């Protein structure tokens, strides 16, 4: 299986120190209690953050999302954004980490006196964990193209469990991932409750279309965002399109539109912008190729490649 999260194992990760509630602990000894809210109930929020040139990429956007999720869940993180940022940089300094680092920042509601759902049984402060790893996406992830499979597991309505929460409870995404892998795909393409394309199980999905014929300028489409997590990379790619004069639309579209698209790609914190080669076994660009009497593209298309370049430049600007 391929994945946007594919990486080369780095032996340095065996000796990293992990920040847990103010204490730096070895990887082998880093633990939380079986009574922790995150372990027991998936009661927590988290962020994945990249380190580039010694700086935390888009840290303000990540902290905004973290605190918004915690507020929605009536969870007191117990630290300010500045304090969390300082703690992350201290952890990076101890581990001598300056580049090609991926951080998982996790916050749970904390210890519970007994196994029960109500926050009333929580005793003490939130549990805060900073787990930094030397981890870079494999280069081929950015060129070869992923295989996606649409699945029956849907992104839910906000009155069931708001998909905008970046919560520890990811079972719907996990079941979607399992369905995709059992079908021989790399990742799941999930629909919303109305049957429109929403997002992937761990990344956000975009298509490149030529809506009025092959001789017109391409457009980039992504979902309305109503049923997916507010992705940091997703929002930055949308802004890049607008800034560079590339038409981008957040709209409802179906799998029929996907099958007819000329390109597709996904976005995420870890790999950035990664191409999609096929959806449901259909090679991207197949319709356009048939009309033009050429071969379909099996990997990265020109719009995706351009967006990758723009995104790399954006990270460089954000982390100088």
Going through region 150-177 in order, the residues found to be surrounded by 17 or more Cβ atoms within 10 Å (Cβ to Cβ) and closer than 22 Å to residue 108 by Cβ are 163, 164, 165, 166, 167, 168, 172, 173
For residues that are touching a residue at least 60 places away in the same chain (Cβ under 8 Å) and outside any strand (DSSP E or B), tally how many sit in region 210-225.
3
Pairs, please: C-beta under 7 Å, at least 6 apart or cross-chain, first residue free of Cβ contacts under 8 Å to residues at least 24 places away in the same chain and in region 194-209, second surrounded by fewer than 22 Cβ atoms within 10 Å (Cβ to Cβ)?
none
Residue within region 236-243 that is in contact with a strand residue (DSSP E or B) (Cβ under 6 Å, 6 or more places away or on another chain), part of a loop (DSSP other than H, G, I, E, B) and either under 25 Å from residue 6 (Cβ atoms) or outside the structural domain of residue 57 (by TED's automatic domain parsing) (or both) present:
no
Looking only at region 31-48, and only at residues there that are under 19 Å from the mean Cα position of the chain (by Cα) and part of a strand (DSSP E or B), the one that is farthest from residue 161 (Cα to Cα)
48
Scanning for something over 30 Å from residue 207 (Cβ atoms), in contact with a strand residue (DSSP E or B) (Cβ under 7 Å, 6 or more places away or on another chain) and modelled with pLDDT under 95, does region 135-148 turn up at least one residue?
no
Looking at region 78-93, which of its residues are in a loop (DSSP other than H, G, I, E, B) and touching a strand residue (DSSP E or B) at 6+ places or on another chain (Cβ under 8 Å)?
78, 79
Given the options 60, 96, name the one that is part of a helix (DSSP H, G or I) and under 25 Å from residue 137 (Cα atoms).
60
Hits in region 22-38 (condition: surrounded by 15 or more Cβ atoms within 10 Å (Cβ to Cβ) and under 15 Å from residue 124 (Cβ atoms))
32, 35, 36, 37, 38
Restricting to region 243-262, name every residue that is in contact with a helix residue (DSSP H, G or I) (Cβ under 9 Å, 6 or more places away or on another chain) and more than 15 Å from residue 303 (Cα to Cα).
250, 259, 260
Within region 301-320, of all residues that are part of a loop (DSSP other than H, G, I, E, B) and under 17 Å from residue 50 (Cα atoms), the one farthest from the chain's Cα centre (by Cα) is 320
The condition of being crowded, with 16+ Cβ neighbours inside 10 Å, outside the structural domain of residue 62 (by TED's automatic domain parsing), closer than 25 Å to residue 181 by Cβ and in contact (Cβ under 8 Å) with a residue 40 or more places away in the chain holds, among 285, 268, 260, only for 268
Restricting to region 42-72, and then to whatever is under 25 Å from residue 135 (Cα atoms) and without any contact (Cβ under 8 Å) to a residue 40 or more places away in the chain, can you tell me which residue is surrounded by the most Cβ atoms within 10 Å (Cβ to Cβ)?
59
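The values are calculated or read from the model by the stated rules, or taken from the named source; none is laboratory data. As the structure is a computational prediction, the values presented were derived from the model and not from experiment. Neighbour counts are summed over all protein chains in view; Cβ atoms, including those assigned to glycine, are modelled from backbone coordinates with ideal geometry.
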